[in-house]
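Enquirer: Just dropping this structure here.
Just so it is clear, none of the values below were taken in a lab; they were calculated from the coordinates. Computed from a predicted structure; not experimentally measured. Backbone-built Cβ (ideal geometry, glycine too); neighbour counts: all protein chains shown.
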Amino acid sequence: MANVVRTKVIRMTGARSEPQRRSDCGDSDGWQCGQRAVPMRAAESEYGGESGGKRLKKSRESGKMNGIMSITELPKNYDAASAEPRIYQRWLDSGFFNPDTCIEKGVTPADAKPFTIMMPPPNVTGVLHMGHAMMLTLEDIMVRFARMRGRRTLWLPGTDHAAIATQSVVEKSIHKKEGVSRHDLGREELLRRVEAFAKESHATITSQIKVMGASCDWSREAFTLDEQRSLAVRTMFKKMYDDGLIYRGNRIINWDPKGQTTISDDEIAYEERAATLYTFRYAKDFPIPIATTRPETKVGDTGVAVHPNDERYAKYIGKEYDVNFCGVSLHIKIVADKEVNPAFGTGAVGVTPAHSMIDWEMAQRHDLPVKQVINEYARMTVETEQLKDKKVLEARDTVVAWLKEENLLEKEEDTVQNVATADRTGGIIEPMPKLQWFISVNAKFKIQNSNRETTLKDIMREPVADGRISIIPDYFGKTYFHWIDTLRDWCISRQIWYGHRIPVWYRKKVKSQKSKVKSLGTESDSTEVYCDVNPPEGDEWEQDSDTLDTWFSSGLWTFSTLGWPSSAKASEGKPSDLEIYHPTDILETGYEILFFWVARMVLMTGYALNDIPFRTVYLHGTVRDAQGRKMSKSLGNGIDPLDVAQKFGADAGRMALVVGNTPGTDSRISEDKIRAYKYFANKLWNITRFVLMSVDSEDVVRFATAKPEVRTDADRDILTKLDAAIADITGNLDRHIIHEAANQAYQFAWRELADVYLEASKGQLADESLKSNTGHILVWCLMNTLKLVHPFAPFVTEELWGKLFGESDTSLLMVQCWPT
RNA sequence: GGGCGGUUAGCUCAAUUGGUAGAGCAUCGCAUUUACACUGCGAGGGUUAUAGGUUCGAGUCCUAUACCGCCCACCA
């Protein structure tokens, strides 16, 4: 054995003494990586006198046992299911997912340019689906490509506590199993249950991420509700509170009666439903008829609005009327507002300030009183016997019956109504005024360390508008701007228990007592308010019972994961993670959370760090089934990524998700497509099998080290095609054209190397004068092909790399140089 | 109502700055025990939705139309 190694090393000296081709794998920015192809590292270290020589021997020796195999040992077919978990464990053991380890072990230069992706944290609500698989695949491709090019590559994984989503999953399950509600359990017990669920869900999710082959740095894993992220959230809240950007106000909000919480505008899903449009008068002597689809809310009307230029009603503007409507006394003022469309209905709107966003705004303009008539349980609160405590739909029937009885109903028309529902619970939203916390998006403030005055809206808009952040595909920029333009203040408080509790405390003001704690304001004459990262001293303070919208903590993701605020600065001369890895390079996520998340990250980062969170936003589409339907539990048409990995291999699933799928476009996935890429992995396996069969195993390392000669047309052709493939794939990955790069890697390996050159090589190998060089070309092309395919199908390529070059930490394909 | 995207082979989708329209799957024919049957070779199949325009040249740029899809917006 020792002999074998020595012989080979002697041969390799020859290769090394030739003009040394440093396996430079500089990327487009001219960065060099410290890696070399394994064989070269081995040869070099033999001379370098370090432990590398031993490492090589060890690698070769262990290789004989479980790594490098003779052809008789290599089965005819690749068995992904058994190989993949073993390979992932090798990657984990190597420590190379952590960029610091890469530097320590010398596979990445210490001065390498960083490359960072923050994994969009999956919700801890259950299991991963194909959309997650898509996200993990695209990011892993970007990350592996960057790592092989010598970048200091960090892909930071994590999970999201997903406040409402998670709590409602657990609440439903408890209700089903035990028939009790959260109020029966109490805050503490419910939180205990939710946390147990989240923990279990987290374990499932991380194991699934590993199955997909994600090369993320588990040592830096984060959770949106862990101690560090909680500190970040409280720090941010306090900062925004002090700047007047977070305020508490009694304003109209979206109330979800089913979830018993407020939700933001973005968490509403509109559903078209058949409805009836009723045209009626409040009373016989009321001059203007109005139309509505919600007669029950009319008991909360305080005005009627008409268009200022509407001649029909001009004479009534400014007049006030007292009527008795379905047993309720109303005081109605006629106002003129240009928001009213004179062509719709009767051209007059009954203004219900407490239960309609638009009406609320109209009431503000005309100083109309707000009269709440519906409560948190979607029941009527008016004192009239026939309506009190009735559910809104029952109340609607009651009011309509009353209108008919009184002969006030003038018309009934079928119409389609856009009903606002909560996208998590399906509950019908009841707008109502409530005391809640908001982030002001239009308030002016001075950005830190500068005198520049700005607004949060501008902070969101500017980096995209001036190109510091680019969005792929670019047309989503238009959608982004449109959303910002119509943005209202963001309601951030939720009446649920699972989440970041609002860092605000209240206490009754005691006039005689001198406060030990400096109160930051007073909510009213009788209550003091305290906001800070930590609770105030004293027992008399009571914390706000609400929690924060989950997107508040998600918005901090790119920098809360890097140690902000506790270890944001350099210490002991060492730069902090935040300084090294932020801003991140790419944010890769589904287009459906452009507003929820992407915009919020731009907001939070711009505000807290005066910086951008990422340079590029890559948006992928929705993964659909073979018929183009969305995958859903109720349809039962979902494909489980774990099943795919088990049946076809994770590599096959990855390739199927990526090839031919352009950013921003929905894609379809089917077993047929995945199977095609399982065959591809097998093709790579058999190319390697053929090469190992055709080439003396002692020559493999040498052939991989130096570029071969051209002896025949076939030789020239394949080497030209290889160069073209390298250039094309590299260029496309640089420009994030992943679907094309993946296809090119596939085409080169199968259509050029396997179908053409391997066939041609059979004749050449039989010719003694060509045999050696042909073997050389085969090994050379295979080695480069494995590198080119690795980002897309990391498992099979890593497995084959081990078969060719032995299995040791430093000979892992994942840290080899990208070919040039 | 406003905005955005799409329409290319039987199906699913590509086509980087305008330069011979490609791939996978499916279909048909041939090969036959081979590195791989999880195989190879070959074939058929497209007036790039429609109508105009710009250009030496258009799937690609411009205008209009039709259809499909998505997002936003509580015309009450």
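Enquirer: Let me know the whole percent of all Cα-Cα pairs from region A:330-439 that are separated by more than 21 Å. Walk me through the numbers before you get to the answer.
Expert: Working: 2970 of 5995 pairs.
Here the long-distance tail beyond 21 Å is 50 percent of all Cα pairs in region A:330-439.
Enquirer: I'd like to know how region A:454-513 sits against the 2.2 N^0.38 Å rule of thumb: what's its Cα Rg over that expected value? If you can, show how the numbers build up before the last one.
Expert: Numbers: Rg = 19.4 Å, N = 60, 2.2 N^0.38 = 10.4 Å.
Here the answer is 1.86, to two decimals.
Enquirer: Once every Cα of region A:675-775 carries one equal point scatterer and solvent is ignored, give the base-10 log of I(q)/I(0) from the Debye formula at q = 0.12 Å⁻¹, two decimals.
Expert: Calculated log10 I(q)/I(0) at the listed q: -0.44.
Enquirer: For the pair residue A:272/residue A:457, report the inter-label distance in nm, with labels modelled 7 Å from Cα in the Cβ direction.
Expert: Placing both labels 7 Å along Cα→Cβ, they lie 3.1 nm apart.
Enquirer: Ok, one more. Calculate, in nm to one decimal, what residue A:543 and residue A:404 gain on full extension: separation in residues at 0.36 nm each, minus their alpha carbon distance. Show your work: numbers first, answer last.
Expert: Values: separation 139, 0.36 × 139 = 50.04 nm, distance 5.04 nm.
Using 0.36 nm per residue and subtracting the Cα-Cα distance, I get 45.0 nm.
Enquirer: Could you pull the Cα extents of chain A along its three principal axes, largest to smallest, in whole Å?
Expert: Here the spans come out as 111, 64, 54 Å, largest first.
Enquirer: Same structure again: Can you classify region A:195-328 as rounded, prolate or oblate using the Cα gyration tensor, where a ≥ b ≥ c are the square roots of its eigenvalues, rounded means a/c under 1.5, and otherwise it's prolate if a/b beats b/c and oblate if not?
Expert: Details: a/c = 3.63, a/b = 2.47, b/c = 1.47.
Because a/c hits 1.5 or more and a/b exceeds b/c, region A:195-328 counts as prolate.
Enquirer: Over what distance in Å are the Cα centres of region A:340-379 and region A:753-786 separated?
Expert: 79 Å
Enquirer: Looking at region A:677-748, which GluC sites (Glu not before Pro) are DSSP coil and have at most 16 other C-beta atoms within 10 Å of their C-beta? Don't jump to the answer; show the numbers that get you there.
Expert: Values: sites: A:698, A:709, A:740; in loops: A:709.
Filter output for region A:677-748: A:709.
Enquirer: Once you've got the Cα coordinates, tell me which of A:683/A:771; A:338/A:434; A:113/A:210; A:478/A:673; A:176/A:630 are over 31 Å apart. Let's see the in-between values first.
Expert: Values: A:683/A:771 23 Å; A:338/A:434 27 Å; A:113/A:210 26 Å; A:478/A:673 33 Å; A:176/A:630 27 Å.
Table pairs above 31 Å Cα-Cα are A:478/A:673.
Enquirer: A follow-up question, please. State the volume of the convex hull built on the alpha-carbon positions of region A:95-200, expressed per residue in Å³ and rounded to an integer.
Expert: Taking only Cα atoms, region A:95-200 has a hull volume of 116 Å³ per residue.
Enquirer: What's the center-to-center distance, using Cα atoms, between region A:126-145 and region A:635-675 in Å?
Expert: Between the Cα centre of region A:126-145 and that of region A:635-675, the gap is 11 Å.
Enquirer: What is the Cα radius of gyration of region A:644-719 over 2.2 N^0.38 Å, N being its residue count?
Expert: Numbers: Rg = 17.6 Å, N = 76, 2.2 N^0.38 = 11.4 Å.
Normalised Rg, Cα atoms only: 1.55.
Enquirer: Continuing with the same structure: What whole-number value in cubic angstrom gives the convex hull volume per residue for the C-alpha atoms of region A:326-379? Show your work: numbers first, answer last.
Expert: Numbers: hull volume 6.0 nm³, N = 54.
Value for region A:326-379: 110 Å³ per residue.
Enquirer: Based only on Cα atoms, what Rg/Rh ratio does region A:570-634 have, Rh being taken as Kirkwood's radius?
Expert: On the way: Rg = 17.1 Å, Rh = 14.3 Å.
Here Rg/Rh amounts to 1.19.
Enquirer: Want the number for residue A:449 to residue A:567: 0.36 nm per residue separation, take away the alpha-carbon distance, what's left? Write down the numbers at each step before the final one.
Expert: Values: separation 118, 0.36 × 118 = 42.48 nm, distance 1.94 nm.
Extra length available between residue A:449 and residue A:567 comes to 40.5 nm.
Enquirer: How much FRET efficiency would the formula 1/(1 + (r/R0)^6) give for residue A:184 and residue A:593, where r is the Cβ-Cβ distance and R0 is 25 Å, rounded to 0.05? If you can, show how the numbers build up before the last one.
Expert: Working: r = 34 Å, r/R0 = 1.36.
Efficiency at R0 = 25 Å is approximately 0.15.
Enquirer: Okay, moving on. With 10 angstrom as the radius, rank A:331, A:739 by how many other C-beta atoms surround their C-beta, starting from the fewest. List each step's numbers first, then the result.
Expert: Details: A:331 14, A:739 19.
Ascending number of Cβ neighbours within 10 Å: A:331, A:739.
Enquirer: Still on this structure: Given the rule -39500 (n - 2.57) for each run of at least 4 DSSP H residues, summed and divided by the residues of chain A, what is its mean residue ellipticity at 222 nm, to the nearest 500 deg cm²/dmol?
Expert: Details: 27 runs with 331 residues, N = 820.
So the helix-based figure for chain A works out to -12500 deg cm²/dmol.
Enquirer: Report the calculated FRET efficiency for residue A:820 and residue A:662 (r = Cβ-Cβ distance, R0 = 45 Å), to the nearest 0.05.
Expert: Working: r = 27 Å, r/R0 = 0.60.
That gives a FRET efficiency of 0.95.
Enquirer: I've got another one for you. Grab the other residues whose beta carbon is less than 13 angstrom from that of residue A:84, score K and R as +1, D and E as -1, and report the net. All intermediate terms of the calculation are to be shown ahead of the outcome.
Expert: On the way: positive: A:86, A:90, A:210, A:647, A:654, A:678; negative: A:79, A:651, A:798, A:799.
Result for the neighbourhood of residue A:84: +2.
Enquirer: Here's something else I'd like to know. Order these by the 10 Å Cβ neighbour count, fewest first: A:808, A:761.
Expert: On the way: A:808 22, A:761 25.
In order of increasing Cβ crowding within 10 Å: A:808, A:761.
Enquirer: I need to check one value: relative contact order of region A:211-349, counting alpha carbon pairs closer than 8 Å and at least 6 residues apart, in percent. Let's see the in-between values first.
Expert: Details: 148 pairs, mean separation 24.6, N = 139.
Answer for region A:211-349 is 18 percent.
Enquirer: Next question. When you take every Cα atom in region A:598-735, what is the radius of gyration, and what is Dmax, the widest Cα pair distance, in Å?
Expert: Every Cα atom of region A:598-735 included, Rg and Dmax give 21.8, 63 Å.
Enquirer: So which of A:319/A:371; A:333/A:371; A:258/A:371; A:76/A:678; A:319/A:411 end up more than 21 Å apart, counting from Cα to Cα? Write down the numbers at each step before the final one.
Expert: On the way: A:319/A:371 19 Å; A:333/A:371 14 Å; A:258/A:371 23 Å; A:76/A:678 14 Å; A:319/A:411 25 Å.
Table pairs above 21 Å Cα-Cα are A:258/A:371; A:319/A:411.
Enquirer: Multiply the residue gap between residue A:646 and residue A:329 by 0.36 nm, knock off their C-alpha separation, and tell me the result in nm, one decimal place.
Expert: Values: separation 317, 0.36 × 317 = 114.12 nm, distance 6.86 nm.
Taking 0.36 nm per residue and subtracting the Cα distance, the gain is 107.3 nm.
Enquirer: Cβ neighbours within 10 Å, averaged per peptide: list A:476-484, A:274-282 in order, most packed at the top.
Expert: A:274-282, A:476-484
Enquirer: Here is a further query. List the aspartates and glutamates whose alpha-carbon lies under 18 Å from that of residue A:446, not counting same-chain residues fewer than 8 positions away?
Expert: A:242, A:243, A:458, A:462, A:611
Enquirer: For a footprinting-style exposure proxy, rank A:111, A:243 by other Cβ within 10 Å, fewest first. Walk me through the numbers on the way to the answer.
Expert: Details: A:111 10, A:243 15.
Listed from fewest to most nearby Cβ atoms, that is A:111, A:243.
Enquirer: What FRET efficiency comes out for the pair residue A:611/residue A:672, r = Cβ-Cβ distance, R0 = 60 Å, nearest 0.05? Write out the running numbers ahead of the final one.
Expert: Details: r = 46 Å, r/R0 = 0.76.
Approximately 0.85, to the nearest 0.05.
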